[in-house]
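One structure is given below, encoded as structure tokens.
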Amino acid sequence: MPNGGVPFYMRMDSAKVTFPSVGDNGIKDVWVEANSTNLGAYEMPCNFPVLATSTVRFVVSAGVYESGQSSVRVIYPFYQPDTFTITATNANQYAHHPSFSYKTGATFPFPNETFSLASGFGAKMQRIDTLGISFGRITAQTDSNVEAAQINTYALPFDRDVWLEFDYKSEVPFYTGFYGSYLSGASVVRFPVLFLTPRDNWTKIYLKLADQINAVRADKYNLFFEALRPYGSAGGSVSIDNVKLVYL
């Protein structure tokens, strides 16, 4: 057994990303290799053993909840792995804070929607600026639900990995999804993808859309968020920020 079975320990408490979120950046796990040996995935904060000594090269990938499901934990395909090297001694403790940025070649069909300027989601998505933070807000206070859809449309590949990222907090449940429009026949399909329940704190969502895009195969797309007013309630709002669509 390497090192006589005596490991050193590597601690990773949290990770950062190039484009920070309003709250948690959604990086829940680290998937780790050490000198090309797969050590597996660890939920942060973590402190894991490594059976190696001297020069040890780490490759750390960012782990997220696919579509917000804690039971589906995957490596986010658009973040470049964090690599670093240490000179290690058995039984010692080391620490590292992984840092992730988008891979070269990652494509964003529209600019990151931070709501710092006029919203690309039209009048039903109100722009809010408070405590130095700008975000969008949809409010459902009548008997009907309220939807805010992107004004502009864009093409997406149906043979690529396509994901949607956004931050949210909400007083009412809501849907997010997309419209797909076809040039031939001028038809439009509405595709709700994910139902989310209220959250008091800002939460990051990484939503995989590749399967739905591949099924729809439209010519153009635009996203929507729909705030739902539960029966018998006074309604409430859904706050949205940092909306990004990305594919490779």
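The values are calculated or read from the model by the stated rules, or taken from the named source; none is laboratory data. None of the values given here were measured: they were computed from a predicted structure. Here the Cβ positions follow ideal geometry from the backbone for every residue, glycine too, while neighbour counts run over all protein chains shown.
If the Cβ limit is 8 Å and pairs must be 6+ apart or interchain, which residue in segment 92-118 that is of a type in the set (S, T, N, Q) pairs with which residue that is modelled with pLDDT of 95 or more and assigned to a loop (DSSP other than H, G, I, E, B)?
S99/A15; S101/Q80; T104/Q80
Starting from segment 16-29, take each residue that is in contact (Cβ under 8 Å) with a residue 12 or more places away in the chain and list its partners that are of a type in the set (A, V, I, L, M, F, W, C) and in a strand (DSSP E or B), counting only C-beta distances under 6 angstrom and pairs at least six apart or across chains.
The qualifying pairs are V17/F100; V22/W202; G23/W202; N25/V17; G26/V64; I27/A62; D29/A41.
Tell me which residues, restricted to segment 196-212, are farther than 12 Å from S239 by Cβ and touching a Lys or Arg at 6+ places or on another chain (Cβ under 8 Å).
Scanning segment 196-212 gives a single hit, A210.
May I ask you to say which residue of Y175, Y182 is farther than 21 Å from V238 by Cβ and aromatic (F, W, Y)?
Y182
Every residue in segment 66-89 that is part of a loop (DSSP other than H, G, I, E, B) and either farther than 13 Å from V30 by Cβ or touching a residue at least 60 places away in the same chain (Cβ under 8 Å) (or both), please.
S67, G68, Q69, S70, S71, V72, Y76, P77, F78, Q80, T89
Can you pull out every residue in segment 49-80 that is touching a Gly at 6+ places or on another chain (Cβ under 8 Å) and more than 16 Å from Y206 (Cα to Cα)?
L51
Considering segment 219-234 alone, what residues qualify as being more than 14 Å from Y168 (Cβ to Cβ) and either in a loop (DSSP other than H, G, I, E, B) or touching an Asp or Glu at 6+ places or on another chain (Cβ under 9 Å) (or both)?
Within segment 219-234, D219, R229, P230, Y231, G232, S233, A234 meet the criteria.
Here's the yes/no breakdown for (1) modelled with pLDDT of 95 or more; (2) within 22 Å of the chain's Cα centre (by Cα); (3) within 28 Å of Q69 (Cβ to Cβ); (4) assigned by TED's automatic domain parsing to the domain that holds D219:
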position	(1), (2), (3), (4)
A140	no, no, yes, yes
T176	yes, yes, yes, yes
Y182	no, no, no, yes
L194	yes, yes, yes, yes
